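Bear in mind that the values in this text are calculations on the coordinates, not laboratory data. Computed from a predicted structure; not experimentally measured. No Cβ is skipped: glycine too gets one built from the backbone with ideal geometry, and neighbour counts run over all protein chains shown.
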Amino acid sequence: MMMVLFFALAVIAVAGAVSLIYQKEPIHSALSLIIVMVALAGLYLLLGAEFISAVQIIVYAGAIMVLFVFVIMLLNAGNEERTNFSRMAAYIGLPLAVVLAAGLVYFAGRGSHEVADTAAATGVTRPLAMMLFKDYVFPFELTSILILVAILGAVVLARRESDSD
């Protein structure tokens, strides 16, 4: 059952990534990226990393993607225009994708099972949470302030452009 679930989540993640690349509307690309993030969270659950899975959904699929969607809607981004550079990138990107896939197969076959087994056996969720919310609470909160400043910067930039129209 675990293998069936793994392959189903892997297919969903790859399909979402392909959809992300081929979408012409930026908002549809962001929604495709949310699908990829949720599928990755499911894969983390299969590895026994519950904390990483929850962080994947809360931080990436939740907060960061809401920020992306907000900025896309705020800037009123339209359809993507294809240029000659995009066509040239397709010819260069295919050989690079093959090299990347070969590297992934090589490193996956080298023994990534040992790393997953070690992480699952040690149960690092509780110590990691205690460290995050006790020792590193200041950098954690500082990150949220930086995200807030980025949102305000996007609002100011969008407001300035609309005022000049």
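The table below gives the values:
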read-out: Estimated inter-spin distance, residue 17 and residue 90, nm [label 7 Å along Cα→Cβ]; value: 2.0 nm
read-out: Phi-based couplings in Hz for the stretch 49-59 (Karplus 6.51, -1.76, 1.60; Gly and Pro marked x); value: 9, 5, 5, 5, 5, 5, 5, 4, 6, 5, 7
read-out: By average C-beta atoms within 10 angstrom, highest first, the peptides 18-26, 149-157; value: 18-26, 149-157
read-out: Residue-wise HN-Hα coupling along the stretch 130-136, computed from phi with Karplus coefficients 6.51, -1.76, 1.60 (Hz; x: Gly, Pro); value: 5, 5, 5, 8, 10, 7, 10
read-out: For peptides 29-38, 127-136, sequence by mean Cβ density within 10 Å, most packed first; value: 29-38, 127-136
